[in-house]
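Heads up: the structure comes next, in structure tokens.
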4 protein chains.
Amino acid sequence: MAQPQQSEGAEKPPLRVGMVGYAFMGAAHSQGWRTVGRVFDLPRQPVLSAICGRDPAAVRAAAERHGWAAAETDWRALIARDDVDLVDICTPGDSHAEIAVAALAAGKHVLCEKPLANTVEEAAVMAQAAEEAYGRGKLAMVGFNYRRLPATALARNMVAEGRLGKLRHVRVTYLQDWLGDPEFPLTWRLRKEHAGSGSLGDLGAHIIDLAQYLAGERLAGVSALTETFVRERPLPVGATSGLSAVTSAGTGQVTVDDAALFTGRFTSGALASFEATRYATGRKNALRIELNGERGSLAFDLERLNELSYHDGTEPAAHAGFRRILVTEPDHPYLDAWWPPGHGLGYEHSFVHQARDLVHAVAEGRRPEPSFTDGLQIQRVLAAVEESAEKNSVYTPIAV
Amino acid sequence: MAQPQQSEGAEKPPLRVGMVGYAFMGAAHSQGWRTVGRVFDLPRQPVLSAICGRDPAAVRAAAERHGWAAAETDWRALIARDDVDLVDICTPGDSHAEIAVAALAAGKHVLCEKPLANTVEEAAVMAQAAEEAYGRGKLAMVGFNYRRLPATALARNMVAEGRLGKLRHVRVTYLQDWLGDPEFPLTWRLRKEHAGSGSLGDLGAHIIDLAQYLAGERLAGVSALTETFVRERPLPVGATSGLSAVTSAGTGQVTVDDAALFTGRFTSGALASFEATRYATGRKNALRIELNGERGSLAFDLERLNELSYHDGTEPAAHAGFRRILVTEPDHPYLDAWWPPGHGLGYEHSFVHQARDLVHAVAEGRRPEPSFTDGLQIQRVLAAVEESAEKNSVYTPIAV
Amino acid sequence: MAQPQQSEGAEKPPLRVGMVGYAFMGAAHSQGWRTVGRVFDLPRQPVLSAICGRDPAAVRAAAERHGWAAAETDWRALIARDDVDLVDICTPGDSHAEIAVAALAAGKHVLCEKPLANTVEEAAVMAQAAEEAYGRGKLAMVGFNYRRLPATALARNMVAEGRLGKLRHVRVTYLQDWLGDPEFPLTWRLRKEHAGSGSLGDLGAHIIDLAQYLAGERLAGVSALTETFVRERPLPVGATSGLSAVTSAGTGQVTVDDAALFTGRFTSGALASFEATRYATGRKNALRIELNGERGSLAFDLERLNELSYHDGTEPAAHAGFRRILVTEPDHPYLDAWWPPGHGLGYEHSFVHQARDLVHAVAEGRRPEPSFTDGLQIQRVLAAVEESAEKNSVYTPIAV
Amino acid sequence: MAQPQQSEGAEKPPLRVGMVGYAFMGAAHSQGWRTVGRVFDLPRQPVLSAICGRDPAAVRAAAERHGWAAAETDWRALIARDDVDLVDICTPGDSHAEIAVAALAAGKHVLCEKPLANTVEEAAVMAQAAEEAYGRGKLAMVGFNYRRLPATALARNMVAEGRLGKLRHVRVTYLQDWLGDPEFPLTWRLRKEHAGSGSLGDLGAHIIDLAQYLAGERLAGVSALTETFVRERPLPVGATSGLSAVTSAGTGQVTVDDAALFTGRFTSGALASFEATRYATGRKNALRIELNGERGSLAFDLERLNELSYHDGTEPAAHAGFRRILVTEPDHPYLDAWWPPGHGLGYEHSFVHQARDLVHAVAEGRRPEPSFTDGLQIQRVLAAVEESAEKNSVYTPIAV
């Protein structure tokens, strides 16, 4: 079994992490924890103490592969360990609430993958638990990692500086295509009991968070359509990562949405449109967001994550235009620690930066963002989307 | 006063055009009529017989500028002329119905700018008149010129060939920014009594038509939000083109929408989203449409009108990707008459092609598309959008 | 036979044009002359008096198609006509000198297609003739039409304003692919006796002119490689446009270059690279130019001719980036006469603008640019390229 | 001091690495060695045994930061260590030969940063040493990391499959802009005694290697221009990374080229053009390469490193176009070990992949590519470029 990575210096206290889950998100979070202290100057040094999963052989292999010092098969044992300061929850949404609440109760900090939970009720319990834990000095954060890309962080800064002026429009899509094939198997991501919802909770949660984060304000209400294009799919055989599996002869019912479209109003009166789908043939990870304000506009595409498009509406028309900012300068968020200009980062770096920001928050006792309360609010938006879709798309206010 | 352009050959019968209106659309249509016979081999030769406008000096100047042989100040006089076979209506929407019905009754063919009318009722009367005129051999067409670009015509062909397979998604935006400045004056385009609606009828009508045309099917229902961001604007002084004017000290109420967002379902079950706005800072003419089907996807952007983006979903993943078809080949629609590959066309060519298609239809006695019945259906979509927006965005079926 | 287009107003004197040649360039120039007075306010009104070609039936058909009042089969007759003020030469390069010199001697203004001639000697004679004619009030211009696009004209203005600062690099390619197929026939464009050279004179002349025009300075010397990849091609049968033909069983020698690459120094010390080829599979009309200066950069691509890319190097790194200026604003060159923002122009508009600029020059008695002397200098660059290529690429100064 | 990362499994033999240098390249290589075993299934497990640098405190800090178990201040001590199987040389070019030859003589495998050396003579010695070491089972590789991006590796595969057919053109630029400011200090990269050459050896070496690698053939000769735009620069104070430094009042001579342009011929007769510069304002890392063959074309831009552009020239013209392959599929090179489609990689991943390929070569006793002999050939191209530039750009064959 692998040894944990050590603290860099004797004077720097460790932040000992225990992680639950070891699939796609587990690998990405591991890469984040393993790398962050090699790149950033941190007040505490992350240590990969223990990883947890139900299959003993698989979790041991994951520990070795990803560099975790120990492996557990029961998340209760993981959160009971003395050598764990922070629990990182990378499981499907149906187990988030139970694990997070118990971990906070056990005096651990918690990082929980998005969406925070599968229901508003679970999320509310978690937010309450986080609030109480904060009183005891324990922090909780939701893993909306797309806030942590240099380009999105720069966009947030530019909005906050007033470069867009009064906001008029936000339009966001998150387009993937891995369900286009009707023979794709019925993995856990397509079953309501595990995933809560389909593209809505998976992709929609990301774009709701990113839209509100960049806009610096919240949605007031939504009007929604959802659809399940393919209602029956082959059953998977054996282990499945959620995103791939071998199929069997049998079939089962898809119980989540394939696509969700919704429009909405921000509290300021700005209009928003959202689309999340897994059926956009040829679009692999097309999270695209554009914000139009009275003074300027910003646009971002996750498939070109090192770029931010910016239009300065205050320039003379003769020379104005959307500019492609290559977000790779030392002046850009997170980038003084990385490579020279033009040497771009990748998807996984969002997890390195997420770890960086959380380590700083923990070391400073500062409530990290997005908090569980933020996660609860997004859950309320998701619930309003589902309610509107059920009620003939009627405009549905977001509960406060 | 200018002479009309003559027929090219004695054997080719003329098609004598009379046009009502001489602002932006009048100039564009004039360019179309003047050029089409110089580029395409036509069965009849268009002749620019007479142009009509209320201001005697202005219409005479327009006639000279654009090459019309005569000028009229009363549209009733224009449609009464013996030397007019076809009436081309380029006025604001509030006068379409009266002129078109009268012109058809007078035995003229009619080309009417979009949207067909300001209300469903007017459009229904027009469609009925067109139906009756067709029995008398007279044709009526609506001027949805964006169908006539090589790239959109190619896209239509590719959808019709089955290259997209079962359609899943259509997403369309038409983004402009000329109202971003709150000091922009209250031209006729911002007044309901003339324009019928705002971005909805102006931009929304275009994208509804284009979406249905490319999809090859119709919308079944919509859910909509509309908004007027700036409700009071300076009054214009003197003549106004709709798109520009000098302003006075007084102000008036904007009585149309500034932006319209709607989602919908096609009759096949495919999902659609639409956005029309004049507040998207930096977007000048961003009519963007993407269609995703089970087997492929297409995307088009009017700001790059010589290009069509196509993803063939049946190719091996290792070599698949959205390809940029430079739609300038002789094999592409309309292009065997123009320049060598790579020598692109512009916006105005859509009017040349519109004229070409209409001349062929007239010569062959074939009902042109989009017909007034098609225009009526789009008016019903516009009405459903307005109804849904008034009724809290509730999903509103399109009347058949 | 068609009637000429008339002057718009009695008070506006005509400028009566006679054109020699009616193939690709003839069609493009006709479109320019026919349209310019419909769009721009001109001091003189172009009239399409007569067109000339050797084949009587073909030239009559071209006259009808393109709107010329008369047809001639001998260019000497054309330049002798009283109703011709300006001779527009659209023939292959081997006849430019003879026609232009005779036309100037006959007291006509002359517009001559590029390249000015097939040899430096011919060009020198033409430049001398132009100089003498200027003393008699007659003007001569070379048809480097790519200077007349709004985007390139804007680029020139921005360089002249000092936005690039000290120039360091100019890199230009002109990539086409119509010779990629070895079965493409041996048209006149592939025969030295008619075309003078291959991609060098056809494409290279364009990019030399554009590079020097945008840079605002001239090349001091070049080092060159040229190549003929396919040395034998099928002979064409019957008429050929230069760009297409039916082929016969026989073959003939290609006597011009297929591709030309050269590097060079501007007089200021800036470095330049050029590439002209007809073998760049998939590139249809990729004239791409980029200029890098100490303070900024500009880039243009003819396949997206309504756009100019600009980097302002004086901006803070955090917000700097290449911006895509959509060159469709009324503030942009030529565009106050055209459509609203975002409604792009096409290739042929360069000829409308060329006609506009020449009409103004004639009316004002101002020497137009590029002059025959400018055309001679470009011929000298072409000759230096050929000389360098023959002499093992040795750096070859441009004769002054 | 940090502990080394351990082997994953007892059965997997370690590959113990010692690295010389710890600046930009040292950090990048460390990231590669640290990560590769966490992502790929390797036959041997890399262990970060020792790092070497002249400054004792700095190298200790680098060891801690980057995860190396030990630190040395003398490279001779490093290569003498028993716990080092492979020496990774990340120093400036003037020390490559001495270290590499000694390391190979000491029975170590060697990875050497590019360019292989500062002169042909040094490179020849190194290639000879590598050849002899290969007889003793020790391997040597040059670090041309841009071969290891999924997109470039895919491009190589596609060329090798014959998708381009007969090659006609290769055009490559490597554009940066960090010397545009004349106040940028005189770091070691601007001094011939350390760097050998300027943009030529730094950027030019990369593009020569990539062009030859993708083309699958070698350059036969070149014709070149080089230039030093700013000949005197402020001296740096204290430590400098090569890419940044604090400046002093004094100045010194720049003794390397600022920019290098060259054209050339491949052995097959295909033409090539190259440009390397640090003065292309706004271009940060614009390594752009395009290959045109009779049957197709490929294009790549390092600023968008997850994409490859491909034109299939055998498709019907009506549907052909450059397609943007998002190189993030499990079917693409290196990517079955990484994230789901659309989740892009970054610059540093090239070093992870370089480590992966080298570990496999070592485990299999296979001669890795690019070999020192390949590096020597590139050195000969660089020398021919310099010779041509000195000799008035005359075409200069590459020595074999």
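Structure notes:
- For the stretch D:14-146, the convex hull drawn through the C-alpha positions has a volume of 101 cubic angstrom per residue.
- The stretch D:287-400 - Debye-derived log10 I(q)/I(0), Cα point model, q = 0.12, 0.14, 0.20 Å⁻¹: -0.72, -0.92, -1.13
- Chain C - share of DSSP beta bridges that are antiparallel (%, nearest 5): 60
- Assigned charges on the beta-carbon of Lys, Arg, Asp, Glu; the stretch D:318-400 dipole about Cα centre (debye): 140
- Between A:Pro13, A:Pro115, A:Pro316, the GNM of chain A built on Cα springs shorter than 10 angstrom shows A:Pro316 fluctuating the most.
- Whole-number Å³ per residue for the convex hull built on Cα positions in the stretch B:134-180: 174
- Test item: Cα-centred dipole of the protein assembly as shown, Lys/Arg +1 and Asp/Glu -1 on Cβ, debye: 0
- Each other copy holds its own label point for C:Leu235; taking that point as 7 Å from Cα along Cα to Cβ, the gaps run 7.6, 7.6, 8.0 nm, nearest first.
- Sorted fewest first by neighbouring Cβ atoms within 10 angstrom, A:Glu161, C:Glu132, B:Glu98, B:Glu294 come out as A:Glu161, C:Glu132, B:Glu98, B:Glu294.
- Across the identical copies, the 7 Å label point of B:Glu369, projected outward along Cα→Cβ, sits 5.2, 5.2, 5.3 nm from its counterparts, in ascending order.
- DSSP H segments from chain B that extend 18 Å or more along their own axis, Cα-based, with Kyte-Doolittle mean of -0.5 or above: B:24-39, B:120-135, B:349-364, B:372-390
- Once the C-beta distance of B:Glu232 and B:Arg76 is scaled by a Förster radius of 35 Å, the resulting FRET efficiency is 0.45 to the nearest 0.05.
- Inter-copy label distances for D:Glu121: 5.2, 8.4, 9.8 nm (label point placed 7 Å from Cα along Cα→Cβ; shortest first).
- As a proxy for reagent exposure, ranking B:Cys52, C:Cys112 by other Cβ atoms within 10 Å from fewest up yields C:Cys112, B:Cys52.
- For the peptide A:221-229, the mean number of other protein chain Cβ atoms found within 10 angstrom of a residue's Cβ is 5.
- Normalised alpha carbon radius of gyration of the protein assembly as shown [divisor 2.2 N^0.38 Å]: 0.95
- Per residue of peptide D:100-111, the mean number of Cβ atoms on other chains within 10 Å of the residue Cβ is 0.
- Rounded to the nearest 5, the antiparallel percentage of DSSP beta bridges internal to the protein assembly as shown is 60%.
- Computed [θ] at 222 nm, deg cm²/dmol, chain A (DSSP H ≥ 4; -39,500 (n - 2.57); rounded to nearest 500): -9500 deg cm²/dmol
- Legend: ranking of residues B:Glu386, C:Glu348 from fewest to most surrounding C-beta atoms inside 10 Å; resulting order B:Glu386, C:Glu348.
- Modelled FRET efficiency - R0 22 Å, A:Phe24 with A:Ser95, Cβ distances, 0.05 increments: 0.90
- Counting Cβ atoms of other protein chains within 10 Å of each residue's Cβ and taking the mean over peptide C:310-319 gives 6.
- Candidates D:Val47, D:Val246, D:Val142, ranked by Gaussian network fluctuation over chain D, Cα under 10 Å, top entry: D:Val246
- Rounded if a/c under 1.5, otherwise prolate or oblate - the stretch C:92-201, Cα gyration tensor axes: oblate
- Inter-part distance where the stretch B:327-358 and the stretch A:300-323 are each reduced to a Cα centre, Å: 31
- Long-range tail of P(r) for the stretch A:262-332 (Cα pairs > 18 Å, %): 55
- Dipole magnitude for chain B: computed about the Cα centre from +1 point charges on Lys and Arg Cβ and -1 point charges on Asp and Glu Cβ, it is near 280 debye.
- Within a Gaussian network of chain D (alpha carbon springs, distance under 10 Å), most fluctuating of D:Ala27, D:Ala317, D:Ala151: D:Ala317
- Three semi-axes describe the equivalent ellipsoid of chain A; taken as square roots of 5 times the Cα gyration tensor eigenvalues and ordered largest first, they are 32, 28, 20 Å.
- Projecting the Cα atoms of D:Ala317, D:Phe351, D:Trp178 onto the charge dipole of chain D, computed from C-beta unit charges around the Cα centre, puts D:Ala317 farthest toward the positive end.
- Axis-nearest residue in chain D [Cβ, rotation onto B], distance in whole Å: D:Arg323, 2
- Summed residue charge, Cβ within 13 Å of C:Ile207's Cβ, Lys/Arg positive, Asp/Glu negative: -1
Any read-out appearing in this document is the output of simple, stated calculations on the displayed coordinates, not a laboratory observation. Everything quoted here is computed from the prediction, not taken from an experiment. Don't worry about glycine lacking a Cβ; one is built from the backbone with ideal geometry, like all the others, and counts go over all protein chains shown.
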